[in-house]
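Presented below is the structure to which this report refers.
The values are calculated or read from the model by the stated rules, or taken from the named source; none is laboratory data. Owing to the predicted nature of the structure, the values given are computational and were not obtained by experimental measurement. Side chains included, ligands, DNA and RNA excluded: accessible areas come from the protein's heavy atoms. Shrake-Rupley method; radii C 1.70, N 1.55, O 1.52, S 1.80 Å.
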Amino acid sequence: MADETTEPIIEDDPIEVRKAKRAALIAAGRDPYGSRFDYSHHVEELVEKYAGLADGESTEDEVRVAGRIMARRIQGKIAFLELADATGKMQLFCRVNALGDEAYAELCDLDLGDWIGVDGTMMRTKRGQLSVAVASFTLLSKALRPLPEKFHGLADKETRYRQRYVDLIVNPEVRDTFAKRSAIVSAIRRYMEGEGFMEVETPFLHSIIGGANAKPFVTHFNALDRDYYLRIATELPLKRLLVGGFEKVFEIGRQFRNEGMDPYHNPEFTTMEAYQAFSDLDGMMNLTEGCIKAAAQASCGTLQVEYQGQTLDLGGSWRRASMIELATEGAGEPIDFSRTREELVAILEREGGHAEAAWGKGKLIAEIFEAVAEEKLIEPTFVIDHPLEVSPLAKKRPDNPELTQRFELFICGHEYANAFTELNDPVDQAERFHAQVEAKDMGDDEAMGFDADYIRALEYGMPPAGGVGIGIDRLVMLLTDSATIRDVLLFPHMREEAPAGAKAADASAAAPAADALPVARGAEVIDLSQAVIEPLFADEVDFDTFSKSDFRAVKVLACEAVPKSKKLLRFTLDDGTGEPRTILSGIHAYYEPEDLVGRTCIAITNLPPRKMMGVDSCGMLISAVHETQVEGGEKEERLNLLMVDDRIPAGAKLY
C-alpha cells in the first residue's frame, strides 16, 4: 500500500482518513470496490454445520465467505475480525504467519464497515469461538463513513428512519422486523390463492376519486393533458372485474392519501383488497379471520402474540357485535336512532367529541362509538351494522335501511380491516354518488366523485358480492410488536432534511431582510412583511386575575395524533413535578408529532381539566397566531407553537 497520498490526512476527521486510504489504493493500482466474489457458504450454514466442532479443533475444510467488518481486535501478530453477512456474524482468525507481512498489514488497515471476501478453513478457538482461519482476503467495497457507535434512543429515531440503510446495518432486530413483514405478505398471498382467489393489478392513476373518503394526491398526465389522482383505494376497479365474470379477485398494493402522519397512519400505505362474487359480510369475516391467522402463524409461529405489553389470543372465533351495541355499552345508556339528534349531540359532547351541524344521527352514532368504545376493543372484534350515513358503498340491511352490511375489525383499539356486503344496485349507487358530489361542492375535499363508468358497469349487472380491505402495515405492526407505522416501513416519508455543514460565509450571504426573522433552531427565514396581526384587546384584565395563571416551561416527552381527529395532538409533558402531564392541542394542521418531541414549550398549567375526545386535557400550550397575505390577495392563518431555549428546565415559572 502506498505510504503517501496527494492530499494530507486530517487525523481527527474519520471520513477524510478513509478517503485518503481509498486514494492510496487507487494510486497503487488496486480497486477499492472489488468485483464478483463467489462465496461458498452463508454464516448461518457454517454455524449449523460446525456446531459440533470441539474447542481448539481445526479442520482442513475450505470455505469462502463475504460480508461487512463489524468489529476488530488486533493483538500483535494475531487479529480477530467480526464479519457479518445477511444471516449472522462469524469471527475471522487472522495470523501474520498465514497471510504474510504485507497482506496482514493491509488487513489491519481495514476499517469497520468495509466489505471483504475471505478464503480460509474452519476452526474453533480454545475459548470456544467458531472461526474462519483466514488464508487470504479481498477488499470488495471501501466504506468512507464510519458506522455509529450507538444507534438507539429517542435522539436517533429520525436518523434511523431517514438513514434506514444504517439502521439495518447496526440493528439486527430491525432486519428481523422486515423479514417478518415479507413472511406476512407471502402468507396472505398463499392463503388467498389457496382460497381460490386470483391476484390482479389495477391502475395507480385514476381520473376520478373513488372507493373511499380521503384527500388524494394530484398529478398531471402529460400525454392526456389532464390531472389524475394517485389511487386512494382499489375497490372500484376490482368490482368492475366481478362484472366481467371473475368470481374471486384480490390485490396487494399501495394506496395514497394526502393526509396527516401519526403512529398508525402514513400517506403511502399497503392494503390487501379482495372481492368475492356470491358472498356476503359473513363470508368476508371468515376470510379475514383466516387470512390474519395464517399471517400470524407464518410470522410468529403462534396465534398468541404480544403487542405493546398486551397478550392477545388470535385463535378461536372472534367476537361480532353491532356498532350500536358497543356504543351503548361504552356510553352506559341507549345509543340508537330512536334518540333525538339533540340527545345524541349532548352525549357526544359529554364524551369529549364535537358535533358538526351537517351531521345526521348516523354520523353522530359513529362518532359516539369512536369516543366511548373503540379503544376498549382489545381482543379481535368485528364491529358490524354501521350507519348508512358513514357507509356510502355498503349494502343496506334489508330489515333496517338506516344500517348497512359492513364491518370494521378492531384489535387493541385500532382498525385492521373494513368490509361490506357490496352494493350492486346501480340506481342506489348513483344516488349515493350524487350525495358525495354535493358534499364535495360544500367543501368536503375527501368526498368521492361521480364515477359514471362504474355506474355503467353496474348497469350490466354485478353479482351479489362481499369485499374486504386489510391494512398490511398495521397488521405488520401488530405481529412484530412495533409501536409506530414508521417502524414497519423501510423508507418512511420524512420532512426535508436540514442542510448540514453550512459555512459561515453561506449564512451571511443569506442574511434576512430587516422585516424578516429567523426561526429558532434552523436556518429558515420567514418573511413577515405581509403578516396581519389581530388588534390588541381593548378590555382590561385586572392584575390579580391575570397573576393566577401559572405559566411554566414544559418538555415534550411524547406527542401523537389523537385517533379520529384531524386537528388534535396529544402531548405528554414534563412539567417539573415528576408526574407526566397530558395536554391536547388543535395544531396538527401546522405540526407533525415527531417534530415536537424533545422541544421546550410554554403552557398554562393550573387550568381545570377539560375533556377532549374522551381525554382529560390538563392545561393549555401557548401558540402565536397571525394571518398572512398570499397570492391573489387571500389571507391564510399561520400558527407557531411557542418554543423556547432547551436550557430552560422543565417547570421553570414565567413571570
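Can you tell me the length gained on complete extension of the stretch Glu637 to Ser35, counting 0.36 nm per residue apart and subtracting the Cα distance?
211.0 nm
Residues of the chain: accessible area per residue at 1.4 Å, in Å²?
Using a 1.4 Å probe on heavy atoms only, each residue of the chain averages 52 Å².
Give a residue-ordered list of calculated ³J(HN,Hα) values for region 371-381 (Karplus: 6.51 cos²θ - 1.76 cosθ + 1.60, θ = phi - 60°; whole Hz; x for Gly, Pro).
After applying 6.51 cos²θ - 1.76 cosθ + 1.60, I find 6, 10, 10, 4, 6, 8, 8, 8, 6, x, 9 Hz.
Just check region 333-412 against the gyration tensor rule for me: Cα atoms, a ≥ b ≥ c as the square roots of the eigenvalues, rounded for a/c under 1.5, and otherwise prolate or oblate depending on whether a/b exceeds b/c.
Oblate is the answer for region 333-412, as a/c is 1.5 or above yet b/c matches or exceeds a/b.
Of the heavy-atom accessible surface of the chain (probe 1.4 angstrom), what whole percent is carbon and sulfur?
The computed percentage sits at 51.
Ranked by accessible surface with a 1.4 Å probe, highest first, in what order do Lys611, Lys376, Lys126 come?
From most accessible down to least: Lys126, Lys376, Lys611.
Which cross-chain or sequence-distant (5 or more) residues have an amide H under 5 Å from the amide H of Gly120, H modelled 1.01 Å from N in plane?
Val63, Ala135
Hey, which aspartates and glutamates would be in cross-link range of Lys363, C-alpha to C-alpha under 12 Å, not counting anything within fewer than 8 residues on its own chain?
By straight Cα distance, Lys363 reaches Asp336, Glu389, Glu402.
If every alpha-carbon in region 538-655 counts as one equal scatterer, what log10 I(q)/I(0) does Debye give at q = 0.09 1/Å?
-0.28
Could you work out the pair-distance distribution P(r) of region 560-599 from its alpha-carbon pairs, with 5 angstrom bin width and percents rounded to whole numbers?
Once binned at 5 Å, the Cα pair distances of region 560-599 give 6, 25, 29, 22, 12, 5, 1.
Which value, in Å² and to the nearest 10, is the accessible area of Asp453 when all protein chains are kept and the probe is 1.4 Å?
Accessible area of Asp453: about 60 Å².
Need one value: the accessible area of His42 in square angstrom, 1.4 angstrom probe, rounded to the nearest 10.
60 Å²
Ignoring ligands and nucleic acids, what accessible area does Met612 show with a 1.4 Å probe (Å², nearest 10)?
40 Å²
Rounded, prolate or oblate: pick one for region 399-455, where a ≥ b ≥ c are the square roots of the eigenvalues of its C-alpha gyration tensor, a/c under 1.5 means rounded, and failing that, prolate if a/b is larger than b/c, else oblate.
The shape class here is oblate.
Taking the Cα atoms of region 32-74 alone, what are Rg (to one decimal) and Dmax (as a whole number) in Å?
Rg, Dmax (Cα atoms, Å): 13.2, 37.
In µm²/s, what is D for the chain at 4 °C and 1.567 mPa s, where D = kT/(6 pi eta Rh) by Stokes-Einstein and Rh is the Kirkwood radius from Cα pairs?
44 µm²/s
For Ile209, list long-range residues whose amide hydrogen, built 1.01 Å from N in the peptide plane, is under 5 Å from its own amide hydrogen.
Gly449
Using the Karplus curve 6.51 cos²θ - 1.76 cosθ + 1.60 with θ = phi - 60°, work out ³J(HN,Hα) for each residue of region 338-347 in order, rounded to whole Hz, and write x for Gly and Pro.
For region 338-347, the Karplus curve yields 6, 6, 6, 4, 4, 5, 5, 4, 4, 5 Hz.
Return the Rg/Rh value of region 88-137, two decimal places, where both radii are evaluated on C-alpha atoms and Rh is the Kirkwood radius.
Using Cα coordinates only, the ratio equals 0.96.
Let me test this: with uniform point scatterers at the alpha carbons of region 290-439, what is the Debye-based log₁₀ I(q)/I(0) at q = 0.11, 0.21 1/Å?
-0.50, -1.28
In whole Hz, what ³J(HN,Hα) sequence does region 172-180 give by Karplus (6.51, -1.76, 1.60; θ = phi - 60°), x for Gly and Pro?
Those phi angles translate into x, 5, 5, 4, 4, 4, 7, 5, 5 Hz.
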